[in-house]
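Got a structure for you, questions after.
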Amino acid sequence: MKQIRVLQLYPRDMNIYGDYGNTLVLQRRLQWYGYEPVMLSYNPGEEFPTDPDILIGGGGQDSGQDRIQADLLGIGERLHALAEQQVPMLMICGLYQLFGHFFETRAGRRIQGIGILDVETYGTDKRLIGNVVAESDEFGTVIGYENHSGQTYLGDDAAPLAAVTTGEGNNQRDAHEGARQHNVLGSYLHGSLLPKNPAIADFLISTAVQQKFGEQLGELASPASSPLPLQALTERARQTASSR
Ligand code: GLN
C-alpha cells in the first residue's frame, strides 16, 4: 500500500486542548482514502525523521515554547526547505506563533521563531478565549476554540486562512484567523481543528498525495465499514498525555 508519512512536531511539549486529535484524524482519513499512514513524531534532540509528507504541530504554554525553541531553530533550515518544496503543514497556536518570526511575551521577552510564515506575535494582558467561527473560500466555515495571550499580525507574504465572524482569531484588530504561505497553514484553533473541519484535513492529505504520487484523492471509504479502533486510540492518547 502507498505510504504517507505524517510527522507530528514536539508532541511532548506542544500538544494541548486536544491537538492530538489532528494526528488521529489524519491517520484515519488516510486509511479511508486507501493509503497507509506512517505516524512519526519528533521531540527535542531526537533524530529528524526522513522524508515527511505532512507535518503537524500543536499549541503549548509559553514554557513549552521555551523548551522547544532552541531545537526548533536548529531544524529551521530543514523545515524551510520542506515548506519551499510545498510540503503541506498545519501548525496550531504555539507552533503557529513560532513558525512566524517571533512571539514576544507580555514581559517583553522574545521567543524567536523560524519565519516560515510572515507573521509576528505580541503577548498582551488580555487572553483571547472562546469559540471561533470563520469563513474561508477554500475550506468553507471553519470552527474551533481559541485560548492565547499572543496576538498575531500578518505581513505581506502571508494570507489569512479565514475571515472571523465569531471570536477573535489572530488578534483583536483584524477580523481574520490563521495564515497561509506555500502549503503551510497556521491557525489558533484547537478543539481539535481537524475532526471539526475535515476539509482542512483533506487539503493536507490531497496535497501530500499529489506531491508524492502525482495523483488525485479518490473516494473516501465509508467510515461504517472501517470502525475506529477506539481502544487503541484511547490507549495512545493516554500514553501521549502521561509522557508530558
Ligand atoms: N503560549 C501562547 C500564547 O498564550 C500559545 C498558547 C497556545 O498554544 N494555546 O499565546
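For the subset of region 179-199 comprising residues that are under 11 Å from the mean Cα position of the chain (by Cα) and part of a loop (DSSP other than H, G, I, E, B), which member is modelled with the lowest pLDDT?
S192
Continuing with this model, one more query. So D62 clears everything in (1) within 9 Å of the ligand (Cβ to nearest atom); (2) within 16 Å of the chain's Cα centre (by Cα); (3) under 24 Å from Y42 (Cβ atoms) except one condition, right? Which one?
(2)
Condition check ((1) modelled with pLDDT of 95 or more; (2) under 17 Å from Y17 (Cβ atoms); (3) among the hydroxyl-bearing types (S, T, Y); (4) away from the ligand (no atom under 16 Å from the Cβ)) across all residues:
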| site | (1), (2), (3), (4) |
| --- | --- |
| T124 | yes, no, yes, no |
| G140 | yes, no, no, yes |
| E146 | yes, yes, no, no |
| Q151 | yes, no, no, no |
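While we're here: From (1) within 16 Å of the ligand (Cβ to nearest atom); (2) of a type in the set (K, R); (3) within 18 Å of L7 (Cβ to Cβ), pick out the condition that doesn't hold for R109.
(3)
Within region 127-138, can you find the residues that are within 16 Å of the ligand (Cβ to nearest atom) and under 19 Å from F203 (Cβ atoms)?
Matches in region 127-138: V132 only.
Another question, then. Just to be sure before I move on: is Y153 crowded, with 23+ Cβ neighbours inside 10 Å and farther than 16 Å from K196 by Cβ in the structure I sent?
In short, no.
Also: If I ask for residues that are small (G, A, S) and either closer than 20 Å to N197 by Cα or crowded, with 17+ Cβ neighbours inside 10 Å (or both), which ones from region 42-66 would you list? Lay out the reasoning, then the answer.
Step one: list which residues in region 42-66 are small (G, A, S), which gives 45, 57-60, 63-64.
Passing the criteria: G57, G58, G59, G60, G64.
Right, another one. If you go through region 67-93 one residue at a time, how many are surrounded by fewer than 20 Cβ atoms within 10 Å (Cβ to Cβ) and in contact with a Ser or Thr (Cβ under 8 Å, 6 or more places away or on another chain)?
Number of matching residues: 1.
The values are calculated or read from the model by the stated rules, or taken from the named source; none is laboratory data. Small disclaimer: the values here were computed from a predicted structure and weren't measured. Positions of Cβ are generated from backbone atoms using ideal geometry, with glycine treated the same way; all protein chains shown enter the neighbour counts.
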